[in-house]
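Single-structure report; data block below.
The values are calculated or read from the model by the stated rules, or taken from the named source; none is laboratory data. What you see is a predicted model, and the numbers here were worked out from it, not measured in a lab. Reconstructed Cβ throughout: ideal geometry from the backbone, glycine too, with neighbour counts over all protein chains shown.
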Amino acid sequence: MSFFCLLWIPLFFFFRRSVSSTGSGGAVWALGLGCVLVLLQFMLGDIVQPGGFGFMRWLSGFVDIAGLPALLPLAVCRLLITLNVLPADTDDAAFALLSLIPLSVFRSISWLSPGFPFLLVLVPLLWTAQALGIPFFLKLAFRFPIWYLIIPLALGIASLPFLAVTSWWAFFSQQNPMGFLFLFASLVPAAVSVILDCLRKRQGQPAVPQIADQE
């Protein structure tokens, strides 16, 4: 399980790069951000102290484990593109995955001791679900700026972190059926994104335009 946590993110990054024709860039920024996040995690420890199995445990999962670590790279990538630090065709999902590589290495070691080996498999999948699913919804929203499409897409963006963290919380609380249900729901947008990338690659079509291309 430790090897899964160590290898899943980098192997999936290279797999997606082989099937996706989106623009690349910002690798140094992404890896640098990931190293900074690991350093902060090592120095500060858990920001939210969990308690029991209630809301504080869920909030701890969002901030320290399954939610914010995947959301921060996406937000930083968008900020750097807006500031013209990164090219407009930078792939948000690839940036987020690269940023998560140092954290996956760190967690493959630090999660050996708590006695919850499911973290080593579950959390990398939840990171991947958000790193791919949120950019997928964003690109669709900017490609089809129609209010009756933007509303459900915005709800999809907002729901992905909730689904991911709730899946982690359910497994932690030993509510496995609920955990698998939320895990499946959180992975669906990412799976659709990869399938569409594979189909476009086979047909030689360009990927969905990046957000910045629509501005």
Go through region 128-149 and count every residue that is surrounded by 15 or more Cβ atoms within 10 Å (Cβ to Cβ) and either on the phi > 0 side of the Ramachandran plot or among the hydrophobic types (A, V, I, L, M, F, W, C) (or both).
10
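Does region 136-146 include one or more residues that are within 25 Å of Pro102 (Cβ to Cβ) and part of a helix (DSSP H, G or I)?
Narrowing region 136-146 to residues within 25 Å of Pro102 (Cβ to Cβ): 136, 138.
Going one step further and asking which of them are part of a helix (DSSP H, G or I), we end up with 136, 138.
Yes, that holds for at least one residue.
Among helices (runs of 4 or more DSSP H) lying entirely in region 1-93, which contain 1 or more residues that are in contact with a Pro (Cβ under 7 Å, 6 or more places away or on another chain) and loosely packed, with under 14 Cβ neighbours inside 10 Å? Walk me through it before giving the result.
Details: elements: 2-19, 27-44, 55-60, 68-82.
Here the list reads 55-60.
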All conditions in (1) among the aliphatic types (A, V, I, L, M); (2) surrounded by 13 or more Cβ atoms within 10 Å (Cβ to Cβ); (3) touching a residue at least 12 places away in the same chain (Cβ under 8 Å) are true of Ile109 except (2)
Please list, ordered by first then second residue, the pairs with beta carbon atoms under 9 Å, 6 or more apart or interchain, first in region 35-47 and more than 23 Å from Arg57 (Cβ to Cβ), second of a type outside the set (A, V, I, L, M) and loosely packed, with under 12 Cβ neighbours inside 10 Å.
none
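Does Leu120 count as among the hydrophobic types (A, V, I, L, M, F, W, C), in a helix (DSSP H, G or I) and either out of contact with any Ser or Thr (no Cβ under 6 Å at 6 or more places or on another chain) or at pLDDT 95 or above (or both)?
On the way: among the hydrophobic types (A, V, I, L, M, F, W, C): yes; in a helix (DSSP H, G or I): yes; either out of contact with any Ser or Thr (no Cβ under 6 Å at 6 or more places or on another chain) or at pLDDT 95 or above (or both): no.
So Leu120 does not fit the description; no.
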